[in-house]
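Worksheet: the structure to be examined is printed underneath.
The values are calculated or read from the model by the stated rules, or taken from the named source; none is laboratory data. All of these numbers come straight from a predicted model, not from anything done at the bench. SASA here: full protein model, heavy atoms, side chains in, ligands and nucleic acids out. Shrake-Rupley method; radii C 1.70, N 1.55, O 1.52, S 1.80 Å.
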Amino acid sequence: MPIALAVKRYLVFAADVAVVLVAVLLAFLLRFEFQLGGVYVRLLEQTLSLSLLAYIPAFLYFKLYSGIWRYASFDDLFRIIKAATAGAAATSL
C-alpha cells in the first residue's frame, strides 16, 4: 500500500473519531444549555469514552476504511449506515 494512501486512511479515521467526539460534546452542551457543572463533566467524560469504545470497533468491523474511494457506492452507504447504527445501539446499552 502506498504511503499516501495509508496516510489518507488514518486521516479519514481521525476525522471520523473527531466527528463522534464533537457530536457527543454538542449533544451534552445542548442538553444542559451550554452550562456543564462538575457532575456533568464527569458524565461527559464517561460518555465520550463509551462512545469511542462503541463506534471505533463498529467502524472497523464494517470495514469503512477498506478503501479510500473517489466515488462511493450504495454498498459503501449501507456499510456506513450499519456501522453508525451499531455504534449508536452499543452506546445506548
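The table below gives the values:
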{"read-out": "Given (1) farther than 15 Å from Ser66 by Cα; (2) modelled with pLDDT under 95; (3) open to solvent by 60 Å² or more (accessible area, probe 1.4 Å); (4) among the hydrophobic types (A, V, I, L, M, F, W, C), index of the condition Val22 fails", "value": "(2)"}
{"read-out": "Matching residues in the range 38-75 - criterion: being at pLDDT 90 or above, among the aliphatic types (A, V, I, L, M) and over 22 Å from Val7 (Cα atoms)", "value": "Val41, Leu43, Leu44, Leu48, Leu50, Leu53, Ala54"}
{"read-out": "Candidate set: the range 49-85, residues that are assigned to a helix (DSSP H, G or I) and open to solvent by less than 40 Å² (accessible area, probe 1.4 Å); chosen: the one farthest from Val22 (Cα to Cα)", "value": "Asp76"}
{"read-out": "Residue in the range 44-60 that is of a type outside the set (D, E, K, R) and more than 14 Å from the chain's Cα centre (by Cα) present", "value": "yes"}
